[in-house]
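Remarks on the structure that follows.
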Amino acid sequence: MRNYSTSDVLYKLKNKKVGVLFGGPSDERNVSIISGNAVIHALHALGVNVCGIDVDRNIVTKIKKEKIDIAYIALHGLIGEDGTIQGMLRMMGIPYTGCGVFASSLSMDKNLSKIFFKYFGILTPKWKILKRFSTFPKIKRYPVIVKPSMGGSTIDVTIVKNRMYLSKAIKKAFRSEYTEEIIIEQFIKGKEITVGVLYGKALPVIEIIPKYGFYDFKCKYQKNGSKYVIPARINKETYEVSQLYAEKIYDRFKCSAVCRVDMIVDENNKVWVLENNTIPGMTKTSLLPSASKEAGYNFENLVLEILKSALIK
């Protein structure tokens, strides 16, 4: 991609209107609204002609009414991260930020993502798939992680320590009407880390220290729910492996602009990849902006960097 300077990008946006798409119908709606408003504020500060569009069933009508030239996607979860909105925008001929249909749909499906991880030689915890109304699989070793195959923000995820609690966890994971299959995954004890990637280059690794045991929705979004250490307190070799994995996933999944890869470093310093996020949170204290800040980008710079991706679509 051409290396546009900040002034180049702002010049190209001079006569264009950017619509920030946020909200949506998923369980991550409230988080998406916060991300969207942060992006809108940043673009206003940069002097960009911007409007916010809350995504619902009337999204096509709203986009036509606003007459936007570029879409900045700040949607999290289904519709926003699964390739749906990207395909719609492509059909409408509106350039958009971030990953395309393939990378989005592949990354949202945790089962397919893990199949790809294994194929590309990336370590990922063992797992089983359970479809709705299927017979419970036999689990030989506990604890395990039970979670929806499609979804994000660790919603409806449970650590199950023995079979007594498995049925309840499965029911919780199937709570959403959109969930057709869930994952029962090997539990890996260790440090939780995440690696953001900006245009193919890994950002500083973040170590996540959740307050309540594991990095669930509560720890992510409750005030003081987690502590973040940048750079992560892992040895040099492990640090490099985690960044290599993140860059490899960005490349093999055909990501665009950004992604963020969540991982676990076990007690033997092995790096296990859990999932890839194509539209990471974009509040000023979110993980991707925090890693970007460590790499020298302030929040407005990061927003503009991501916006560049729409200029080449």
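In region 196-225, the qualifying residues are those that are touching a Cys at 6+ places or on another chain (Cβ under 7 Å) and surrounded by fewer than 19 Cβ atoms within 10 Å (Cβ to Cβ), and the one that is modelled with the highest pLDDT is 210. Taken over region 293-313, the criterion of being part of a helix (DSSP H, G or I) and either more than 21 Å from residue 6 (Cα to Cα) or open to solvent by 30 Å² or more (accessible area, probe 1.4 Å) (or both) is satisfied by 293, 294, 300, 301, 305, 311, 312.
Against the condition more than 21 Å from residue 151 (Cα to Cα), modelled with pLDDT of 95 or more and of a type in the set (Val, Ile, Thr), how does residue 97 come out, does it pass? No: the conditions fail for residue 97. If you filter region 161-182 down to residues that are part of a loop (DSSP other than H, G, I, E, B) and under 23 Å from the mean Cα position of the chain (by Cα), you find that the one that is nearest to residue 140 (Cα to Cα) is 174. Read through the list (1) open to solvent by less than 60 Å² (accessible area, probe 1.4 Å); (2) within 22 Å of residue 113 (Cα to Cα), then give the number of the only condition that residue 95 fails. Residue 95 satisfies all of (1) open to solvent by less than 60 Å² (accessible area, probe 1.4 Å); (2) within 22 Å of residue 113 (Cα to Cα) except (2). For residue 113, the criteria (1) outside any loop (DSSP other than H, G, I, E, B); (2) modelled with pLDDT under 95; (3) of a type in the set (S, T, N, Q) hold in every case but one, which is (2).
Checking each residue in region 232-251 for being under 22 Å from residue 108 (Cα atoms) and either in a strand (DSSP E or B) or open to solvent by 20 Å² or more (accessible area, probe 1.4 Å) (or both) picks out 243, 244, 245, 247, 248, 250, 251.
Considering region 121-150, the residues that are within 23 Å of residue 265 (Cα to Cα) and touching a residue at least 60 places away in the same chain (Cβ under 8 Å) include one that is most open to solvent (accessible area, probe 1.4 Å), namely 126. Restricting attention to region 252-277 and to residues that are out of contact with any Phe, Trp or Tyr (no Cβ under 8 Å at 6 or more places or on another chain) and assigned to a loop (DSSP other than H, G, I, E, B), the residue that is farthest from residue 189 (Cα to Cα) turns out to be 256. Screening residue 75 with (1) under 25 Å from residue 276 (Cα atoms); (2) out of contact with any Pro (no Cβ under 8 Å at 6 or more places or on another chain); (3) at pLDDT below 95 gives one miss only, at (3). In the set (1) of a type in the set (A, V, I, L, M, F, W, C); (2) over 18 Å from residue 310 (Cβ atoms); (3) open to solvent by less than 70 Å² (accessible area, probe 1.4 Å); (4) touching a residue at least 40 places away in the same chain (Cβ under 8 Å), residue 45 fails one condition alone, (3).
Scanning region 263-292 for residues that are at pLDDT 95 or above, surrounded by fewer than 19 Cβ atoms within 10 Å (Cβ to Cβ) and of a type in the set (D, E, K, R) yields 266, 267, 270. Put simply, of 68, 33, 40 the only residue that is at pLDDT 95 or above, open to solvent by less than 20 Å² (accessible area, probe 1.4 Å) and among the β-branched types (Val, Ile, Thr) is 68.
Being in a helix (DSSP H, G or I) and over 27 Å from the mean Cα position of the chain (by Cα), is that true of even one residue in region 128-145? Scanning region 128-145, I find no residue that is in a helix (DSSP H, G or I) and over 27 Å from the mean Cα position of the chain (by Cα), so the answer is no.
Going through (1) modelled with pLDDT of 95 or more; (2) farther than 19 Å from residue 279 by Cα; (3) surrounded by 15 or more Cβ atoms within 10 Å (Cβ to Cβ) one by one, residue 58 falls short only on (3). For region 5-26, filtering for residues that are closer than 30 Å to residue 108 by Cα, touching a helix residue (DSSP H, G or I) at 6+ places or on another chain (Cβ under 9 Å), open to solvent by 10 Å² or more (accessible area, probe 1.4 Å) and of a type outside the set (A, V, I, L, M, F, W, C) leaves 2.
The values are calculated or read from the model by the stated rules, or taken from the named source; none is laboratory data. No experiment lies behind these values; they were computed from the predicted model shown. Don't worry about glycine lacking a Cβ; one is built from the backbone with ideal geometry, like all the others, and counts go over all protein chains shown. Heavy atoms of the whole protein, side chains included, go into the accessibility calculation; ligands, DNA and RNA do not. Shrake-Rupley method; radii C 1.70, N 1.55, O 1.52, S 1.80 Å.
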